[in-house]
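Notes for the one structure printed next.
The values are calculated or read from the model by the stated rules, or taken from the named source; none is laboratory data. Being a predicted model, the structure only gives us computed values, none of them experimental. Using ideal geometry, Cβ is built from the backbone for each residue, glycine included, and neighbour counts are taken over all protein chains shown.
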Amino acid sequence: MTGIEGIVPILLTPFRRDLSIDYASLRREVDATLATGVHGIGIAIGSEIFKLTSEERREILRAVVDQVEGRVPVVMNTSAPGTAPAVQLARDAAEAGADRLMIWPPDFFALGPDPVIEHLSRIAEAAGLPIVLQDVPQAPISPALALRIAEAVPLVDTIKVETNPTVAQVGAMVQAVEDKLTVLGGAGGGTLVEEHRRGARGTMPFASQAAEFMAVWQALEAGREGDAAQIIEAQILPVSRLGFQSGDMFYHVHKALLHRAGLFANTLVRPPTATPDDITGAELDRLLDRFAKPKERHKETA
């Protein structure tokens with residue numbers, strides 16, 4: 001297998017008060033993430049990528065690529081419901097310096113396997129980059145289809161499993177694709193221990209908890225499952241439980257962690273977003289008091 005492995009956090013996108021991208025906060029986030037020893041960095045749904053303009057997508061990718069300087073692979077999500085826009089996004093990502101793409105199949109209409117394979121083939125041909133296939137609830141990929149894709153599109157070398165139940169899906173995927181695809185867990189990483197037992201070779205969590213996930217991964221690779229499970233139970237699942245309570249609450253939770261850590265100047269989420277209600281806000285405050293260590297605050301530049 002030649003796919004990407006290990007912990008590949010997805011960056012959150014910081015915004016200024018005028019909702020433009022806060023590149024100073026982004027640089028701090030990238031530095032802090034790299035310092036944990038991660039195996040890659042991603043820009044994807046966790047980065048609110050669907051709220052960015054095409055120009056902003058190119059700019060944020062270039063900024064991250066320039067800062068990373070080849071130390072780890074940079075993964076860019078270029079999913080789109082149509083082949084033409086997906087091809088253009090993939091070309092833009094390749095030109096901006098992405099090391100690999102992440103793509104889920106078209107999800108506007110239910111399609112058979114042949115159109116999905118053609119869609120991915122055209123993207124691969126246009127960009128020439130390795131592809132992480134994304135199995136998501138809105139566009140699920142069966143193990144049988146994953147195997148067909150791997151055989152038909154050689155640049156697809158990894159699959160990230162996010163359809164429920166993820167543990168069972170990881171097990172079925174590993175058995176089906178054998179050594180043709182590297183299988184990653186997903187959906188926040190809360191079941192990484194169970195997924196690792198079934199052959200998962202990593203996960204893609206939020207960058208706000210990169211250090212915690214690296215500790216889990218190192219424990220798993222060293223055969224210390226108990227230590228890994230303890231970290232997940234004590235530090236990761238409480239955050240996930242609050243983040244996945246409703247709507248897009250996970251953006252607010254993980255940005256709050258980065259703000260409390262002194263990396264983000266604020267916790268703004270671009271609209272549309274569901275603002276936490278008073279009860280949820282109080283729960284978030286308690287979570288931050290429990291987990292986040294206050295550090296130097298950074299003033300906004302605009």
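The single residue among Leu155, Leu263 that is of a type outside the set (S, T, N, Q), surrounded by 24 or more Cβ atoms within 10 Å (Cβ to Cβ) and either over 14 Å from Ile7 (Cβ atoms) or in contact with a Cys (Cβ under 6 Å, 6 or more places away or on another chain) (or both) turns out to be Leu263.
Taking the stated definitions as given, is Ile7 surrounded by fewer than 21 Cβ atoms within 10 Å (Cβ to Cβ) and either in contact with a Pro (Cβ under 8 Å, 6 or more places away or on another chain) or acidic (Asp, Glu) (or both)? Criteria not met by Ile7.
Whether a residue is touching a Gly at 6+ places or on another chain (Cβ under 9 Å), closer than 16 Å to Ala146 by Cα and buried (at least 22 other Cβ atoms within 10 Å of the Cβ) was assessed, and Leu181 passes this test. For the range 137-176, a residue qualifies if it is outside any helix (DSSP H, G or I) and within 17 Å of Glu194 (Cβ to Cβ), and the qualifying residues are Lys160, Val161, Glu162, Thr163, Asn164, Pro165. Can you confirm whether Leu257 is buried (at least 20 other Cβ atoms within 10 Å of the Cβ) and in contact (Cβ under 8 Å) with a residue 60 or more places away in the chain? So Leu257 fails the test. Does Gly199 meet the test of being part of a loop (DSSP other than H, G, I, E, B) and crowded, with 23+ Cβ neighbours inside 10 Å? Judged against the criteria, Gly199 is not a match.
Across the range 225-240, which residue is surrounded by the fewest Cβ atoms within 10 Å (Cβ to Cβ) among those that are farther than 13 Å from Arg290 by Cβ and touching a His at 6+ places or on another chain (Cβ under 9 Å)? Across the range 225-240, the extreme among qualifying residues is Glu225. Here Gly189 meets the list (1) in contact with a strand residue (DSSP E or B) (Cβ under 6 Å, 6 or more places away or on another chain); (2) of a type outside the set (Ser, Thr, Tyr); (3) modelled with pLDDT of 95 or more almost entirely, failing just condition (3).
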